[in-house]
């Protein structure tokens, strides 16, 4: 069984809502960074988070942008590519977890999708002693730039076979990541909407975090 809590916390000067799931004796906590134009309510991230919870891992899904910022981003799509801003918000979430009695000291992992993957990698580079594993789903690690070479946590890059451009970008990013693996989901596109594709993502992520956070 897992305890589900609706939470809010301050990060980067704004208040952000989140959903924290904590199974009994969680072996780790995975913080999600959603992708372009998405939120903590992303059905794909929620599905993966539920799978991680069943595997004994806690999860935190939260909004990287405020409601007003989401409206602005819907018009010009600028904030979703502001990796520095997204990384500050993600760092704030990690700091909040570290202040809570029930989560302080629990091994930490990051799961990023699309542009959120770049934010996760940039954050991992800034918190080398705290972030112990990273998983990217259909991510844009290239947007993390020079931070890639500073990531010390093991990174799993999951890409759909049919998502050819993103696959190329992930293959290139691997050359700059000190410790990484690439998993290609056969027949899947960018959103992993094909039957069974998201189940494969969940299984890969659960195995990665279980190995590196336990």
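Computed quantities for the displayed model
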quantity	calculated
Förster-model FRET efficiency, 30 Å R0, residue 67 and residue 5, C-beta, rounded to 0.05	0.90
Global form of segment 43-169, assessed from the alpha-carbon gyration tensor, a/c cut-off 1.5	rounded
Compactness index (Cα Rg / 2.2 N^0.38 Å), the chain	0.92
Gap separating the Cα centres of segment 65-106 and segment 176-205, nearest whole Å	24 Å
Centroid-to-centroid separation of segment 136-157 and segment 1-17 [C-alpha atoms, Å]	25 Å
Calculated [θ] (222 nm, deg cm²/dmol) that DSSP helices of n ≥ 4 give over the chain, each run adding -39,500 (n - 2.57)	-11500 deg cm²/dmol
Highest average packing first - 66-78, 44-56, Cβ atoms within 10 Å	44-56, 66-78
Bridge type composition, the chain - antiparallel percent by DSSP, nearest 5	35 percent
Packing-based order for 87-93, 140-146, using average beta carbon neighbours within 10 Å, highest first	87-93, 140-146
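A short reminder: the numbers here are calculations on the coordinates, not readings from a lab. Values in this document were obtained by computation on a predicted structure and should not be read as measured data. Counting neighbours? That spans all protein chains shown, and the Cβs are built from the backbone with ideal geometry, glycine included.
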